[in-house]
Every structure is written in C-alpha cells, then in structure tokens.
Amino acid sequence: MSKSPASYRPETRLVHSGTLRSQYGETSESLFLTQGYVYNSAEECEARFKGEDPGFIYSRYSNPTIAMFERRMIELEGAEAARSAATGMAAVTTAILAPLKAGDHVVASRALFGSCLYVIQDLLPRYGIETTLVDGANLDQWQRAVKPNTKTFFLESPTNPTLDVLDIPSIAEIAHKGGARLVVDNVFATPIWQSPLALGADVVVYSATKHIDGQGRCLGGIILSSEAFIAEHIHNFMRQTGPSISPFNAWVLLKGLETLAVRVRAQTETAARVADVLASHPKISRLVYPGREDHPQAALVKKQMRGGSTLVGFEAKGGKAAAFRVLNELKLAKISNNLGDAKSLVTHPATTTHQRLKPEDRAALGISEGFIRFSAGLEHADDLIEDLTAALEKA
Ligand SMILES: *Cc1c(COP(=O)(O)O)cnc(C)c1O
C-alpha cells in the first residue's frame, strides 16, 4: 500500500489518499472489476484465509478499488476504519442493526430521511429492538429517553428537509453517559463542512449517492468509525450478509471524491446567494439556510460546522398549489427527490420524501404544504436566481 497522506489538508487527501498503483504505474485509480483473486500457491491461499497474508480474497468483502474508496474516506473523515455498502440505506441499516440484538433500545431524532425513519420505526421493533423518537433539538428529550438497555443514538444534522442543526457534542455526551454510542448520518453536512467523529460521535454514515458522487450516476454508502467498532460489529456482518458495493460504483465514487471539495464549496456559495435573494422575496413566508444569521441554530452552526449548506429550504405563500406552481414553472432547477447533484434539484417533501407521514407529524417537523427544498447545483448562481424569481412571480 502507498504511504497515506493523512497529514495533508482535506483537499489534498481527496485527490491522493488511498491510491493503490498497479505494476503499470497508472495516474488515475484503476477499476478492478473482478469477483475474486487467484493465488500463486495453496500455501499463499491458506495464509490469505488465515489472515496472515493481507491480500484480497473475494469482492463481497474486499477489492482494491473499494479499498481505495474506503481509505480515501477514512483519511478525509479522520476515522480509523470504514466499510462501504451498496447504498446509503445499506450503510445506515448495517450501522444501526448489526451491533444490536433483541431487547436493546435505540433513541433517534424524529427528523429523519424517510427510509431511516422506516428502519427505526418499523424494522427494528419487528426484531424486538425498542425505539424512541425525540425532538432532536431538545436535549432534555434525549436525556429522558435513555434507559438501561439503550445502545444507540441516531441523528441527521442538518435535518431533512427543514435544515435544523442538532447539537452533536451535547447529544454525544448524553449518549456516552448513558452507555450508548452516537451514529450520525452526515449526508446533509457533507464531510467538507462537518466532522461528526471530531465532535464526539462514534460512527458516521453517508449516502455516497449524494454529494460524493455528485453527478447523479450511481448509489453507494459508507460506515466510518473506530477500528474496534468495525471489527466487533460491522466487518463480519457485512462479510456474511453481503450488502456490498460494486467495484464499478466504488470507482465512480472514488473519482467523485477528487472534486468533492470544489463542488461542495461552489454549491454552498450558490445556495447562500439563493437564500439571500429568497429571504426578502414577497412570495415566501419562511426561509431556512444554515449559515444565515436568522437560522434558528445559527450559533450552533458556527460552533460545529465549517460552512453552511448546499441546500436551502423555503415556504411558498399559498400552500401546495403555490409550491407546485413554482416547481412547474422552473426551467433550470429540476423536480427530483435527490440532492447534492451537479444539476440543481427541487423537492416538495410533503408529497414525496415525507408523504408517508401523518399530516400532524409533518406539521410537527415544520414540513408545511408550501415547503420546498432546493439543492444547489453547479450552474451559474445568477441563472438559478433568475429561474427561481421568475417561477415565484408566477406562483
Ligand atoms: C439519500 C439519503 C439516505 C439514503 O441513501 P441511498 O444511497 O439513497 O440509499 C440516507 N440518509 C440521508 C440523509 C439521505 O439523504
């Protein structure tokens, strides 16, 4: 393995960390599209299986391209170890489920990505794992939810889609005092703007489908943590149950990492400009942008994040009808449920990502009928602002 450039700054790590060059000395990372590996001798094969020879065995659990992606993420995140997965949900489900057994208890913030909410609310209880949902911004609720059998806290910050920012260091402290671990889904913050492990979290998960690919091509996920957590809880579970990432997808994501910092910075600058224009727009009743002084947790954003967000949340005056008119009038920003893409995307959470929720639950989360989530792409900010203001004029 090449020497790890973990001592360099994040931008440099994103380009160089984890590169494994073959005998051909290629500049760009190779795609090892192989299921398995051959051995020079039966003795070498035996040593590999005994773990005495560090080579690869089978791509369900190890592959050079996947190893490069994992190593680059490890060094970006400041983790000790990682395992990648086929999708963000494979990573989230494994990180939560693999260490638990019937009789354990999980506490999670209520403001979750729809499928994460399904895992917590529907899936875990079927296997005898108790779950409690709390208002993530309310530290007392986290504290009061702790029981003797609590093993895991789970949260996303900023939250989807209302971009609330949760206090990771304080929630980690409550978890640790209660003998639990904190798992953070860091998709909305991206590794560029927030490092949950440095803030006290024990495990970080990503849907690499979002900013890490960033160009709408493939799905992927990753779990990052201490070596001990991976070894004890994740390694064997993934090896035996097989939610593995394809080497091809790992290669796309690995190459995506090279441009991650540049893209996220540009998208954040654009989102901040869009937020400033929308904030004073007469057709809008509410605007949420982490990074603006009027964000409900502005002080917390400064404390635990290095930058704002590539996403902007806003509420069109006139409810669903007005929100739908805005979406339908947009020429440049595309209607989609995705985010973090090079193409700007708009989502109406009440009828898509959060349509499964009861209306009162949506209301409690601040997801009104007029609420729109805007994911800034790489287009020129002025073109996007013209597109959004023209669409709002017609709303
Ligand atoms: C998209 C997303 C996921 C799920 O990722 P997939 O790659 O689509 O499986 C999980 N958490 C958050 C916050 C997401 O945005």
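The values are calculated or read from the model by the stated rules, or taken from the named source; none is laboratory data. Given the structure is predicted, the values throughout are model-derived calculations rather than measurements. Here Cβ is always computed from backbone atoms with ideal geometry, including for glycine, and neighbour counts include all displayed protein chains. Side chains are part of the model used for accessible areas, which takes the heavy atoms of the whole protein and leaves out ligands, DNA and RNA. Shrake-Rupley method; radii C 1.70, N 1.55, O 1.52, S 1.80 Å.
Here are some conditions: (1) within 28 Å of residue 74 (Cβ to Cβ); (2) at pLDDT 95 or above. Residue 132 meets all but one. Which one does it not meet?
(1)
Residue 394 is checked against (1) open to solvent by 60 Å² or more (accessible area, probe 1.4 Å); (2) of a type outside the set (S, T, N, Q); (3) modelled with pLDDT of 95 or more and fails just one. What number does that condition carry?
Here residue 394 meets the rest and fails (3).
Given the conditions (1) open to solvent by less than 10 Å² (accessible area, probe 1.4 Å); (2) touching a Leu at 6+ places or on another chain (Cβ under 7 Å); (3) within 13 Å of the ligand (Cβ to nearest atom), and given that residue 260 satisfies all but one, which numbered condition is not satisfied?
The number of the failed condition is (3).
I need the full set of residues from the range 207-227 which are without any contact (Cβ under 8 Å) to a residue 40 or more places away in the chain and more than 10 Å from the ligand (Cβ to nearest atom), in order please.
The one that is without any contact (Cβ under 8 Å) to a residue 40 or more places away in the chain and more than 10 Å from the ligand (Cβ to nearest atom): 217.
Out of the range 62-113, which residues are in a loop (DSSP other than H, G, I, E, B), within 16 Å of the ligand (Cβ to nearest atom), small (Gly, Ala, Ser) and at pLDDT 95 or above?
86
Residues being assigned to a helix (DSSP H, G or I), under 19 Å from residue 88 (Cα atoms) and among the polar types (S, T, N, Q): count how many of those fall in the range 244-269.
Number of matching residues: 1.
Quick check: anything in the range 95-102 surrounded by fewer than 16 Cβ atoms within 10 Å (Cβ to Cβ) and hydrophobic (A, V, I, L, M, F, W, C)?
Yes.
From the list 183, 204, 252, 165, exactly one residue is out of contact with any Asp or Glu (no Cβ under 8 Å at 6 or more places or on another chain) and either more than 11 Å from the ligand (Cβ to nearest atom) or open to solvent by less than 30 Å² (accessible area, probe 1.4 Å) (or both). Which is it?
Result: 165 is the single residue among 183, 204, 252, 165 that is out of contact with any Asp or Glu (no Cβ under 8 Å at 6 or more places or on another chain) and either more than 11 Å from the ligand (Cβ to nearest atom) or open to solvent by less than 30 Å² (accessible area, probe 1.4 Å) (or both).
Would you check if there is a residue in the range 218-241 being modelled with pLDDT of 95 or more, open to solvent by 10 Å² or more (accessible area, probe 1.4 Å) and under 19 Å from residue 29 (Cβ atoms)?
Scanning the range 218-241, I find at least one residue that is modelled with pLDDT of 95 or more, open to solvent by 10 Å² or more (accessible area, probe 1.4 Å) and under 19 Å from residue 29 (Cβ atoms), so the answer is yes.
If the Cβ limit is 9 Å and pairs must be 6+ apart or interchain, which residue in the range 75-90 that is farther than 15 Å from residue 233 by Cβ pairs with which residue that is among the basic types (Lys, Arg) and away from the ligand (no atom under 16 Å from the Cβ)?
That search, which allows pairs on different chains as well, returns 75/13; 76/13.
Among the residues in the range 319-326, are any more than 16 Å from the ligand (Cβ to nearest atom), touching a strand residue (DSSP E or B) at 6+ places or on another chain (Cβ under 8 Å) and within 21 Å of residue 273 (Cα to Cα)?
The answer is yes; a qualifying residue exists.
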